[in-house]
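Scroll down for the structure; my scribbles are underneath it.
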């Protein structure tokens, strides 16, 4: 009998630090990653009130460059990349021809002919296949994931903590902008972006420099309340903001309009993959919508639970948790558009019981420190 | 980790404290540590018959849902209602304020088949090592 497993677990350069930080490590799409350090609730609270430091080195980085790069990206992505200036970031998504989402990505413009996509770890291979399959002459595609570590320092005190560690004046760096700078002896890229609803930074850096910077940030931030934070808190934080998670709330079967990503889907910017299908499917208004749901009765809605209204099953929960900030069970799920208005009464089937719930306005949490 | 010697344990990580015919039930310190922050509990009502080895309720942390298994058979005579509003007490004090229910057991269904503190500790170590 063979015990060998063909897919080897991957580890980030920060893995050696997890144990001494008290991490509980779990498998996440083939990666050994910390689900929590001191505990999800404490980490969540630290990010909302002070700051948290996340290792998100598992995420993929794909560079697209060359004279035809922008034109190619305009075909790949639903958002309008021509509006980016150097040093600017844009949230976007790639779709298949049928309008289903390949991945949601952040697009960084380094130069008029050089861009970087930051992609979900679980989609890296699929994204690369899709991008390379359509790559025209004059465009180069490079997978930089293995040579890039990524830290996310998030929370209202992030600027104060990081400002002393980089040779860049962070107050001058605007939301969804980035800059190269030096941290310690290393060249890094600091981006004012995140996935928590708080002000904060994502720092791209060489893997060999990651441990040192992690430790420097922790040492500088601990007196201010900084805590290392894991995937558990990352999930509760993003859910309170209704940020979609690929694989849960969006995937190959959902189009960007029904997923609430109409604000990044520029149907009038010209042709792009999936455009025709998206217009056909949801152009007149999608038949279903991803909505925020608050559970009023006792119980926590979880991904996969059925949503009911007026005695019939009308939809499905795609993400659900207990919100540490609001102290309530919150969820995201798809419901028919007529039931998507805030205030609509629904119920969620939790362990065979139908528990009272309501469609609510999102984001669930509105007091974050992000500076728009 | 904490394994009070006066308690009996299950392999599903519940503890049982017998005082006469009454058995108080909760989850172990190891279990609450593994679960993480507990945010929701579903417990049986007073009067419910519970059966040893069968589910009696549910405990949920932020991330995960777990069934609770009854270490004994009998009738529920008290429920720690305070936990429903303060489930974090299970994390803070799993053997004290985090108790969940009290079951009245007929003498003969006592505690056979449950683990001693030493046996449970060995079991946890084995499970962790595996």
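Please treat every number below as a calculation from the coordinates, not as lab data. The model shown is predicted, which means the values in this text are computed figures rather than measured ones. A quick note on method: Cβ atoms are made from the backbone with ideal geometry, for glycine too, and the neighbour counts reach across all protein chains shown.
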Alpha-carbon centroid distance for the pair the range A:78-154 / the range A:199-227, whole angstrom: 25
How big is the gap, in Å, between the Cα center of the range A:314-361 and the Cα center of the range B:41-115? 28
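Starting from the Cα gyration tensor of the range A:287-370, take the square roots of the eigenvalues, sort them a ≥ b ≥ c, and report rounded, prolate or oblate (rounded when a/c is under 1.5, otherwise prolate if a/b is larger than b/c, else oblate).
Details: a/c = 1.93, a/b = 1.30, b/c = 1.48.
Here the range A:287-370 falls in the oblate category.
For the protein assembly as shown, build the convex hull from the C-alpha positions and give me its volume per residue in Å³. Each step should come with its number before you reach the end.
Details: hull volume 85.4 nm³, N = 502.
In the protein assembly as shown, the Cα convex hull volume per residue is 170 Å³.
Calculate, for residue A:19 and residue B:88, the FRET efficiency according to 1/(1 + (r/R0)^6) with r their C-beta to C-beta distance and R0 22 Å; round to the nearest 0.05.
Working: r = 26 Å, r/R0 = 1.17.
Efficiency, from the Cβ-Cβ distance: 0.30.
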Hey, with R₀ at 45 Å, roughly what FRET efficiency would residue B:119 and residue A:96 work out to, going by the Cβ-Cβ distance, to 0.05? 0.20
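Please report B:81, A:159 as a ranked list, fewest other C-beta atoms within 10 angstrom at the top and most at the bottom.
On the way: B:81 9, A:159 19.
Ascending Cβ contact count within 10 Å gives the list B:81, A:159.
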For A:25, A:190, which order do you get if you count the other beta carbons within 10 Å of each Cβ and list the fewest first? A:25, A:190
Per-residue Cβ contact counts at 10 Å, fewest first, order A:294, B:104 as B:104, A:294
Say R0 is 35 Å: what FRET efficiency, to the nearest 0.05, do residue B:19 and residue A:366 get from their beta-carbon distance? 0.10
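Based on the alpha-carbon gyration tensor of the range B:8-125 and its eigenvalue square roots a ≥ b ≥ c, which shape applies: rounded if a/c is under 1.5, prolate if not and a/b is larger than b/c, or oblate?
Details: a/c = 1.79, a/b = 1.19, b/c = 1.51.
Oblate is the answer for the range B:8-125, as a/c is 1.5 or above yet b/c matches or exceeds a/b.
Quick check: residue separation of residue A:358 and residue A:29 times 0.36 nm, minus the Cα distance between them. What number comes out in nm? Before the final figure, lay out each step's value.
Working: separation 329, 0.36 × 329 = 118.44 nm, distance 3.21 nm.
Stretched fully, the residue A:358-residue A:29 segment lengthens by 115.2 nm.
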Identify the residues of the range A:69-94 with backbone N under 19 Å of a label point that sits 7 angstrom from the Cα of residue A:271 along the Cα-to-Cβ direction, or state none. A:69-82, A:94
Here the relative contact order (percent) of chain A, from C-alpha pairs under 8 Å and at least 6 apart, is 18
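Determine the shape class of the range A:60-146: with a ≥ b ≥ c the square roots of the Cα gyration tensor eigenvalues, call it rounded for a/c under 1.5, and otherwise prolate if a/b is greater than b/c, oblate otherwise. Spell out each step's value before the answer.
Values: a/c = 1.28, a/b = 1.25, b/c = 1.02.
It comes out rounded by the Cα gyration axes.
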Once the piece of chain linking residue A:113 and residue A:85 is laid out straight, how much longer is it, given 0.36 nm per residue of separation minus the C-alpha distance between them? 9.0 nm
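What value, in deg cm²/dmol to 500, does the helix sum -39500 (n - 2.57) over DSSP H runs of n ≥ 4 give at 222 nm once divided by the residues of the protein assembly as shown? Display every interim value, and only then the final one.
Numbers: 12 runs with 101 residues, N = 502.
About -5500 deg cm²/dmol.
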